[in-house]
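Novice: So that we are looking at the same thing, I have put the structure below in structure tokens.
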Amino acid sequence: MNAPLLSVRGLAKHFPIKGGQVKAVDGVSFEVAAGETVALVGESGCGKSTTGRMLLRLTEPSAGTISFDGVDLLGLGRTDLRRRRRELQIVFQDPYSSLSPRNRVEDIIAEPLDVHGLCASREQRRDRVIELLRLVGLDAIHLRRHPFEFSGGQRQRIAIARALAPQPRLIVADEPVSALDVSVQAQVVNLMQDLQEKFGLAYVFISHDLAVVRHIAHRVAVMYLGRLVEMGSTETLFAAPHHPYTQALLSAAPVADPERRRTRIVLSGDVPSPANAPSGCHFHPRCPVAQAVCRESVPELRDMGNGHMAACHFGKPFPISV
């Protein structure tokens, strides 16, 4: 097998607070192959966005390793990291705040070109920006406009064009469609898939929207309170999740056909505070099958077959009607 493009091992981020620390991310491990989309899903506050930011060292990890194309990103100095960032880019959640309102579209998209010295002249720079605009469904007439002159979907297309500018191999997409209307979401997701096919891009796609994830992801990693609780191919995870948390998430997702019934799993209580996370399995206070061992021992990710991993002492397939 080919080596993964991105390999993450034991990644953690602990924020100090008075009297303790918040374990926002606590020992996350996963891999992404070239041209693959791996989705990180979970409720708000589970640590998925922090994980995404650590992959580019926008947030410095407290522990763990990040290997990109065989290079240890955490061992790079500032100059080497800047060079490597040509190959790793990010698209943020809110297109209304991620683009400078004072800059024109041409300068916004050209910023990575300028930082990495990728254009020898102003003419080459403009031609490249026009090419990028057309790749995302916009045109040269938009060059001199400001972000406030565009809709949310158009702004996110501009953000994607900026991420494409230095010809990256992997893009972290942090909730890239959650701020958009549903019809526009589909257009942007389809655009990202087209770009992936055209350029062989890999994505780490962060989302809480299971319908979007099912459409775009090859594999899915489910997070709960800073830990990975399940990971597997999109097809197998949606059809037969092993972890009770994943089962509850999928059981709550809307069904396209109102005539079809789905067994709903209702969880008790609220998500605990990461500043005071439960012992053992973090999910045990809400888990319908929890036993004494769940309060005492942290379950490791175990292979349930065909590369499907679940961190549960009693995990077993739960067929979901889809």
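Novice: What size of dipole, in debye to the nearest 20, comes out for the chain about its Cα centre when the only charges are +1 on Lys and Arg C-beta atoms and -1 on Asp and Glu C-beta atoms?
Specialist: Here the size comes out at about 480 debye.
Novice: Short version: ³J(HN,Hα) in whole Hz for each residue of the stretch 303-313, in order, from phi by Karplus 6.51 cos²θ - 1.76 cosθ + 1.60 (θ = phi - 60°), x for Gly and Pro, what are they?
Specialist: 6, 8, x, 6, x, 7, 10, 9, 9, 8, 5
Novice: Karplus couplings for the stretch 21-37 from phi (6.51 cos²θ - 1.76 cosθ + 1.60, θ = phi - 60°), rounded to Hz, Gly and Pro as x?
Specialist: 8, 9, 8, 5, 9, 9, x, 8, 9, 6, 10, 10, 8, 4, x, 9, 10
Novice: Where a ≥ b ≥ c are the square roots of the eigenvalues of the C-alpha gyration tensor, would you call the stretch 47-158 rounded, which needs a/c under 1.5, or, failing that, prolate if a/b is larger than b/c, or oblate?
Specialist: Numbers: a/c = 2.70, a/b = 1.58, b/c = 1.71.
Oblate, since a/c reaches 1.5 and b/c is not below a/b.
Novice: What number, rounded to the nearest 500 deg cm²/dmol, is the helix-based mean residue ellipticity at 222 nm of the chain, given -39500 (n - 2.57) per DSSP H run of at least four residues and division by all its residues? Could you put the intermediate results ahead of the total?
Specialist: Details: 10 runs with 98 residues, N = 322.
Calculated from helices alone, the mean residue ellipticity at 222 nm is -9000 deg cm²/dmol.
Novice: Between Ser121 and Ser273, what is the label-point separation in nm under the 7 Å Cα-to-beta-carbon projection?
Specialist: Placing both labels 7 Å beyond Cα along the Cβ direction yields 6.2 nm.
Novice: Using r as the Cβ-Cβ distance of Asp303 and Ser178, and R0 as 51 Å, what FRET efficiency do you calculate, to the nearest 0.05? Intermediate results must be reported in sequence, preceding the final value.
Specialist: Working: r = 32 Å, r/R0 = 0.62.
Working from the Cβ atoms, E equals 0.95.
Novice: While we're looking at this one, here's another question. Considering only DSSP states other than H, G, I, E and B, which GluC sites (Glu not before Pro) in the stretch 1-72 qualify as loop sites with at most 16 other Cβ atoms within 10 Å? If you can, show how the numbers build up before the last one.
Specialist: Numbers: sites: Glu31, Glu36, Glu43; in loops: Glu36, Glu43.
Filter output for the stretch 1-72: Glu43.
Novice: Under a cut-off of 20 Å between alpha-carbon atoms, report the aspartates and glutamates in cross-link reach of Lys18, not counting same-chain residues fewer than 8 places apart.
Specialist: List returned: Asp26.
Novice: Now for a different question. So what is the relative contact order of the stretch 46-155, in percent, for Cα pairs below 8 Å that sit 6 or more residues apart? All intermediate terms of the calculation are to be shown ahead of the outcome.
Specialist: Values: 67 pairs, mean separation 26.7, N = 110.
Over the stretch 46-155, the number comes to 24 percent.
Novice: Measure off 7 Å from each Cα along the Cα-to-Cβ vector at Glu60 and Glu197, then give the distance between these two points in nanometres to one decimal.
Specialist: 4.3
Novice: Which of Leu267, Ala161, Leu249 sits farthest toward the positive end of the charge dipole of the chain, with +1 on the Cβ of Lys and Arg and -1 on the Cβ of Asp and Glu?
Specialist: It is Ala161, whose Cα lies furthest towards the positive end.
Novice: Normalised radius of gyration for the chain, please: alpha carbon Rg relative to 2.2 N^0.38 Å, two decimal places. Could you put the intermediate results ahead of the total?
Specialist: Details: Rg = 20.6 Å, N = 322, 2.2 N^0.38 = 19.7 Å.
Rounded to two decimals, the normalised Rg is 1.05.
Novice: Compute the FRET efficiency between Gln167 and Phe314 as 1/(1 + (r/R0)^6), taking r as their Cβ-Cβ distance and R0 = 35 Å, and round to the nearest 0.05. Walk me through the numbers on the way to the answer.
Specialist: Details: r = 46 Å, r/R0 = 1.33.
FRET efficiency, Gln167 to Phe314: 0.15.
Novice: Related question: How large is the dipole of the stretch 99-171 about the Cα centre if only Lys and Arg carry +1 and Asp and Glu carry -1, each at its Cβ, rounded to the nearest 20 debye? All intermediate terms of the calculation are to be shown ahead of the outcome.
Specialist: Working: 13 positive and 9 negative charges, 23 e Å.
Taking the Cα centre of the stretch 99-171 as origin, the dipole is about 120 debye.
Novice: Follow-up question, since we're still on this one. DSSP loop trypsin sites (Lys or Arg not before Pro) in the stretch 53-143 with at most 13 other Cβ atoms within 10 Å of their Cβ, which ones?
Specialist: Loop-located and lightly packed - Arg102.
Novice: Let me ask something else. Quick query: amide H of Ala63 versus all other amide H atoms, modeled in the peptide plane; which residues come in under 5 Å with a sequence gap of 5 or more or a different chain?
Specialist: Residues meeting the criterion, in which the H sits 1.01 Å from N, are Ala12.
Novice: Then there is this: From the phi angles alone, apply the Karplus equation (6.51, -1.76, 1.60; θ = phi - 60°) to the stretch 4-15 and give each ³J(HN,Hα) in whole Hz, x where the residue is Gly or Pro.
Specialist: x, 5, 10, 10, 10, 9, x, 5, 9, 9, 10, 9
Each reported figure results from applying straightforward, stated rules to the coordinates on display, with no laboratory input. What you are looking at is a predicted structure, and each value in this text was computed from that prediction instead of being measured. Neighbour counts are summed over all protein chains in view; Cβ atoms, including those assigned to glycine, are modelled from backbone coordinates with ideal geometry.
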